[in-house]
Amino acid sequence: LAAVLGEPETAVLTDLAPAIQDELLQPAHGAPGERLFRFAHDRIQQSAYALPGSVSRAAVHLQIGRQLLARLAGDDLEQHVFTIVDQLNHGLELVVGLDQRLQFAALNLRAGDRAKSAMAYQAARNYYSQGLGLLPTSIWERDHDLAYALHLNAAEADSMCNEEASYQDRIGRLL
């Protein structure tokens, strides 16, 4: 949160102290040296999002995803690809630039591949579908490899999830 807000961690912890004392936020486990908190209940989180004047949920998730993406590279990016992509996907409606849409589509491909390798086919299917939703109609001319990989892997995930109609549609697009 401190990185997203651009504030020192001590200032953010001071701001969160009343919520922590009232047990609205609870400590969560993270990597060594990280201070993580989670809402004590889903209803508390929903109420926080609904506060007047609060930033839209999509904007918050998109900002978190962008900050994580900017901070992580290489193996760290691969290790946290699900977290990053999940945050970005919650804010996709705010992404309008084509280059960024293609970047996020490629990240969804990576997350889908990782989910597929873990045999989490429904999750893989969701990531591939999100990636496909980011592509412009002219994608085959602009980035054939990305379009092909997303369609092929989405078809494979459809097959593994017994989604025959979707599988046939995707295979038809590839032919």
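Filtered by the rule that a residue be in contact with a helix residue (DSSP H, G or I) (Cβ under 8 Å, 6 or more places away or on another chain) and open to solvent by 60 Å² or more (accessible area, probe 1.4 Å), segment 57-74 gives ARG57, GLN63, ARG66, ARG71. Here ARG43 fulfils each of the conditions (1) surrounded by 12 or more Cβ atoms within 10 Å (Cβ to Cβ); (2) part of a helix (DSSP H, G or I); (3) of a type in the set (Lys, Arg) apart from (1). Within segment 75-121, restricting attention to residues that are assigned to a loop (DSSP other than H, G, I, E, B) and on the phi < 0 side of the Ramachandran plot, the residue that is surrounded by the most Cβ atoms within 10 Å (Cβ to Cβ) is GLY91. Report yes if some residue within segment 124-132 is over 17 Å from SER166 (Cβ atoms), open to solvent by 70 Å² or more (accessible area, probe 1.4 Å) and not aromatic (Phe, Trp, Tyr); otherwise report no. Checked segment 124-132: no residue is over 17 Å from SER166 (Cβ atoms), open to solvent by 70 Å² or more (accessible area, probe 1.4 Å) and not aromatic (Phe, Trp, Tyr).
Among the residues of segment 146-165, those identified as free of Cβ contacts under 8 Å to residues at least 40 places away in the same chain and closer than 18 Å to PHE104 by Cα are ALA147, TYR148, HIS151, LEU152. Here GLN100 meets each of (1) in contact with a Ser or Thr (Cβ under 7 Å, 6 or more places away or on another chain); (2) within 30 Å of SER56 (Cα to Cα); (3) not basic (Lys, Arg) with one exception, condition (1). Of all positions in segment 122-140, none carries a residue that is of a type in the set (D, E, K, R) and not in a helix (DSSP H, G or I).
The values are calculated or read from the model by the stated rules, or taken from the named source; none is laboratory data. Note that the structure is predicted; figures quoted are calculated from it, not measured. Glycine also receives a Cβ, built like all others from the backbone with ideal geometry; neighbour counts cover every protein chain displayed. Areas reflect the complete protein model, heavy atoms only, side chains present, ligands, DNA and RNA absent. Shrake-Rupley method; radii C 1.70, N 1.55, O 1.52, S 1.80 Å.
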